[in-house]
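Undergrad: Take this structure, written in structure tokens, and hold onto it; I'll ask about it next.
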Amino acid sequence: MNPIKHVAIIMDGNGRWGINKKRSRNFGHKQGLKTVEKIIIESLKKNIKFLTLFAFSTENWKRPKSEIKFLFSLLEDFLVKNIKDFNKKKIKLSVIGKKKFSKKLNKLLKESEKLTSKNNKLQINLALNYGSKSEIVNAFMVIKKKGLKISEKTISRNLYTSDIPDPDILIRTGNTNRLSNFLLWQLAYSEIFFEKKLWPDFNKNDYNRIINNYKKIKRNFGNI
Ligand code: IPE
Ligand code: IPE
Ligand code: MG
């Protein structure tokens, strides 16, 4: 049985879900947050230590302003509503990506990280304004600045994910088989599960099925 420490998820399909329900894309985003809550609870139950959620990519700025505004207001409400409970549950919140949002959101994110920084039951890495290529470029710049040698170790140590193990599992919902600039370095040996379901329809049974399938996989890491 494979141990499982880190699950990464590309939560895709909210917009299509809203449209399929004859509502708006934003309605889908709102519904998607309910899945986020369910998956966090299930991750706690399964004793998973790291959960990395792709919430907004560096490319998502191309979307209409109104959708972007809605997404960030949802995030603000979500944090305000949940952060105390996360803290009680010993969840640590960490943002990966460049924190370049409104003053209000930047402050809220920083405060949430600070409040939960000592927790160790589950670390949620929220990928926000995250792009893997920009993360790697940033790592190289830091390495240069520190005068270090370039190696796999120094690169890994200067990514946003420096202190956490690489994902064991990547899940992408939404019936789309691509990585969309997510954790390109860290996913080198992850087990990848592309799911047909749209994110708001994804549930704890789907999550458990993936975890159980993952446990049975023979992970070679190049060996036989
Ligand atoms: C959610 O799904 C991902 C986010 C960027 C928040 P989408 O908004 O990409 O939904 P689809 O893929 O258009 O259905
Ligand atoms: C990836 O989904 C980003 C997030 C889930 C936040 P997208 O819907 O933005 O990906 P593409 O553009 O279809 O590849
Ligand atoms: Mg999408």
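The values are calculated or read from the model by the stated rules, or taken from the named source; none is laboratory data. Note that the coordinates shown come from a computational prediction; the quantities given were computed from them, not determined experimentally. Positions of Cβ are generated from backbone atoms using ideal geometry, with glycine treated the same way; all protein chains shown enter the neighbour counts. Heavy atoms of the whole protein, side chains included, go into the accessibility calculation; ligands, DNA and RNA do not. Shrake-Rupley method; radii C 1.70, N 1.55, O 1.52, S 1.80 Å.
Undergrad: Cβ contacts < 9 Å: first residue more than 18 Å from residue 203 (Cβ to Cβ), restricted to region 1-25; second residue within 12 Å of ligand 3 (Cβ to nearest atom) and of a type in the set (Gly, Ala, Ser), any location; separation 6+ or different chain. Result?
TA: 15/28; 19/28; 24/15; 24/18; 25/15; 25/18
Undergrad: Right, residue 56: closer than 22 Å to residue 182 by Cα, touching a His at 6+ places or on another chain (Cβ under 8 Å) and either in contact (Cβ under 8 Å) with a residue 60 or more places away in the chain or within 12 Å of ligand 1 (Cβ to nearest atom) (or both) or not?
TA: It is false that residue 56 is closer than 22 Å to residue 182 by Cα, touching a His at 6+ places or on another chain (Cβ under 8 Å) and either in contact (Cβ under 8 Å) with a residue 60 or more places away in the chain or within 12 Å of ligand 1 (Cβ to nearest atom) (or both).
Undergrad: Let me ask something else. When residue 207 is evaluated against the numbered criteria (1) assigned to a loop (DSSP other than H, G, I, E, B); (2) under 16 Å from the mean Cα position of the chain (by Cα); (3) within 25 Å of residue 42 (Cα to Cα), which criterion, by number, is the only one it fails?
TA: Every listed condition holds for residue 207 apart from (1).
Undergrad: Check residue 37 against each of (1) acidic (Asp, Glu); (2) more than 21 Å from residue 109 (Cβ to Cβ); (3) away from ligand 2 (no atom under 13 Å from the Cβ) and name the one condition it does not meet.
TA: (2)
Undergrad: Looking at region 71-116 only, could you name the residues that are more than 24 Å from residue 133 (Cβ to Cβ) and either β-branched (Val, Ile, Thr) or touching a Cys at 6+ places or on another chain (Cβ under 9 Å) (or both)?
TA: Scanning region 71-116 gives 80, 83, 91, 116.
Undergrad: In addition: Closer than 28 Å to residue 209 by Cα and more than 16 Å from ligand 1 (Cβ to nearest atom): which single residue out of 114, 121, 100 fits that description?
TA: Checking each option against the conditions leaves just 121.
Undergrad: Look at region 158-206 and say how many of its residues are within 13 Å of ligand 3 (Cβ to nearest atom), under 15 Å from residue 96 (Cα atoms) and open to solvent by less than 10 Å² (accessible area, probe 1.4 Å).
TA: 1
Undergrad: Report every pair of residues separated by at least 6 positions or lying on different chains whose Cβ atoms are under 6 Å apart, first residue within region 77-94 and part of a helix (DSSP H, G or I), second open to solvent by 20 Å² or more (accessible area, probe 1.4 Å).
TA: Correct list of pairs: 78/33; 79/108; 87/115.
Undergrad: Is it the case, given these coordinates, that residue 116 is away from ligand 2 (no atom under 16 Å from the Cβ), open to solvent by less than 20 Å² (accessible area, probe 1.4 Å) and polar (S, T, N, Q)?
TA: yes
Undergrad: Run residue 98 past the list (1) touching a strand residue (DSSP E or B) at 6+ places or on another chain (Cβ under 6 Å); (2) among the charged types (D, E, K, R); (3) assigned to a helix (DSSP H, G or I) and report the number of the one that doesn't hold.
TA: Of (1) touching a strand residue (DSSP E or B) at 6+ places or on another chain (Cβ under 6 Å); (2) among the charged types (D, E, K, R); (3) assigned to a helix (DSSP H, G or I), only one is false for residue 98: (3).
Undergrad: How many residues are open to solvent by 50 Å² or more (accessible area, probe 1.4 Å), charged (D, E, K, R) and under 22 Å from the mean Cα position of the chain (by Cα) if we restrict to region 122-157?
TA: 2
Undergrad: Quick one: which of 224, 217, 211 is farther than 20 Å from residue 134 by Cβ, of a type in the set (A, V, I, L, M), at pLDDT 95 or above and open to solvent by less than 50 Å² (accessible area, probe 1.4 Å)?
TA: Going through 224, 217, 211 in turn, just one is farther than 20 Å from residue 134 by Cβ, of a type in the set (A, V, I, L, M), at pLDDT 95 or above and open to solvent by less than 50 Å² (accessible area, probe 1.4 Å): 211.
Undergrad: Give the residue, chosen from 69, 49, 30, that is open to solvent by 50 Å² or more (accessible area, probe 1.4 Å) and without any contact (Cβ under 8 Å) to a residue 12 or more places away in the chain.
TA: After ruling out the rest, the residue left standing is 69.
Undergrad: Could you grab me the full set of residues in region 5-60 that are of a type in the set (Asp, Glu) and outside any helix (DSSP H, G or I)?
TA: 12
Undergrad: Return the only residue of 215, 197 being touching a residue at least 12 places away in the same chain (Cβ under 8 Å) and in a helix (DSSP H, G or I).
TA: 215
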